[in-house]
Amino acid sequence: MKAVFIQEHGGPEVLTSGELPEPMVRDGLVKVRVKAGSLNRLDVYTRTGVRGMRREFPPPLVLGGDCAGEVAEVGGGVQGLGAGDRVVVNPNITCGDCARCLAGEDDLCPAIQMLGSALDGSYAEYVVVPAANVHPIADHVSYEDAAAVPTTFLPMWNMLVRRGGLKPWETVLVLSASAGVGAAAIQVAKNVIGARVIATTSTADKAARARETGADEVINYTEEDITKRARELTGGAGVDMVVDHVGAEFFAAAYSALRPGGRYGNCGVTTGYKYDLHMGAMFTRHLSVFGVFMGTKEDMRQIVEMVNRGKVHSTIHRTFPLENAADAHRAMEERNFFGKLLLVQ
Ligand SMILES: [Zn+2]
C-alpha cells in the first residue's frame, strides 16, 4: 500500500513516500481505507523525536493519528460495522480491560498508545484499529471535516464539558483561538454549552475568524492586556474558566483573569511548560488548575454525535495530497494558519 513513513528522526525531508505491506486485520479490529487525515503537533514531535517521542528504527513508522475513511474489512467478533461504512477514527488506543478502562476512564489507561506515534498511523492507504475506536459519520459530514475532529475536539470536550463543567451562564476565556483546538473550544463552549466566549488572538484577520467561529468578544493580545480586558468584559468579576492549549506564555495573564473559584484548564505547552504558580493566590481565591490529555471513548462518541447533528464542525485551513506530507509539515511549522492542515488521498 501507499504510505508516508519515517526511518529516522529529523526535518520534513525524512518523510518518505513509498510502499509498505498492508496491515493485517485480527479479531476485534477494523481495517479502514483512509480518505483524509489531519496533522497535529504530535506528528511533528514524533517526526523530530522530541518530547518523549524518540524511538528505535527499524522498523519504519507510519505517522498520523486523526483520520476518516471507509471500512475495508472487519475482524472476527466486530459488530455494528461493515465494509463500506463511512467512519472517523479515534487515535487513542487503549487496552480495554484495565481498571481505568473498565471504569470508563480509558483516557487514564496506563497502556494508552497514540496511533502514528507508538503504532503505525494514518499517513497510509489503510490503518487497522480496535472497533471501539471507529465511529460512523453522517452522510453530510465530509471525510476531511471528520478527520480534523478527534485531536482538536477530544481535549476540549474533556476540559469544557466533563472536567470543567462549563455552564450556559458562565464566561470562558479561550487563549489563542487561531489554532484548531482554539476553534474547537469556541464551538463547544458556544454551540454545545451556550456559554459566553472571550477569545484571544494576534491579528485583526484572526480576530474576525474567531468571531465567525462563535466568539462573542475577541482580545488582540498584541495590542490589549488580556487580564485587564477580560476583567472589563466581565464587569470586573473575572472569567469563570480559562482554556489554555499553549502553555507558559499567557499563563500569568489568564490565571489573573479568573474570578474567585475559577477553573484553569490546560492541554498543551507549545509556548513553554514551566511557570511559577502563586499557591497563595490559588487557595485564597479557591482556584482550580487542571490538565487534560485527549479524552475518553465516551467523550468521542458524544463529539461525533454533535458533528453528525451539525452542531460543531472542523476548521480546515488547507489540504495536501498524502505524498506531499513534507510540505504539510513545513506549513505546520510556519504557524501562519487558522484551522487544520489535512492530507487527502
Ligand atoms: Zn486500559
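Values in this text are rule-based calculations from the coordinates and carry no lab data. Predicted model, so just to flag it, every value in this text is computed and none were measured. Heads up, the Cβs are rebuilt from the backbone with ideal geometry, glycines too, and the neighbour counts pull from every protein chain shown.
Things to note:
- Assigned charges on the beta-carbon of Lys, Arg, Asp, Glu; segment 95-199 dipole about Cα centre (debye): 620 debye
- Point-charge dipole on Cβ atoms (K/R +1, D/E -1) for segment 153-291, about Cα centre, debye to 20: 420 debye
- GNM top mover of Gly165, Gly77, Gly65 - the chain, alpha-carbon springs below 10 Å: Gly77
- Note on the chain: with charges restricted to the Cβ of Lys and Arg (+1) and Asp and Glu (-1), its dipole about the Cα centre is near 840 debye.
- Convex hull projection area averaged over all views, segment 43-125, Cα basis, nm²: 6.8 nm²
- Helical runs assigned H by DSSP (4 residues or longer) give the chain a calculated mean residue ellipticity at 222 nm of -7000 deg cm²/dmol, each run adding -39500 (n - 2.57) before division by the residue total.
- Among Val128, Val149, the order by Cβ neighbours within 10 angstrom, fewest to most, reads Val128, Val149.
- Within the listed set Ala111, Ala36, Ala207, the Gaussian network model of the chain (springs between alpha-carbon atoms below 10 Å) gives the highest mean-square fluctuation for Ala111.
- Across the chain, Cα pairs under 8 Å and at least six residues apart give a relative contact order of 18 percent.
- R0 of 45 Å, Cβ-Cβ distance Lys2-Ala204: FRET efficiency to nearest 0.05: 0.65
- Ranked list, fewest to most other Cβ atoms within 10 Å of each Cβ, for Thr227, Thr270, Thr315: Thr270, Thr227, Thr315
- Annotation: the residues Cys98, Cys109, sorted from fewest to most other C-beta atoms within 10 Å of their own C-beta, follow the order Cys98, Cys109.
- Bins of 20 Å from zero: percent of alpha-carbon pairs in the chain: 31, 57, 11, 0
- Trp169 sits among other residues whose Cβ lies under 15 Å from its own Cβ, and their net charge, with Lys and Arg +1 and Asp and Glu -1, is +2.
- Proximity of backbone amide H atoms, modeled 1.01 Å from N, is registered between Glu73 and Lys31 at under 5 Å, excluding neighbours fewer than 5 places apart on the same chain.
- Anisotropy class of segment 153-291 from Cα gyration tensor, a/c 1.5 cut: rounded
- Taking the centroid of alpha carbons for each part, segment 252-324 and segment 216-238 are 19 Å apart.
- Here is the size of segment 71-220 from its Cα atoms: Rg then Dmax, 17.8, 54 Å.
- Beyond 31 Å in Cα-Cα separation lie the following of the pairs Lys274/Lys340; Lys274/Lys311; Lys2/Lys274; Lys190/Lys228; Lys167/Lys206: Lys274/Lys311; Lys2/Lys274.
- Among His286, Val218, Ala237 the positive-end extreme of the charge dipole of segment 204-330 (Cβ point charges): His286
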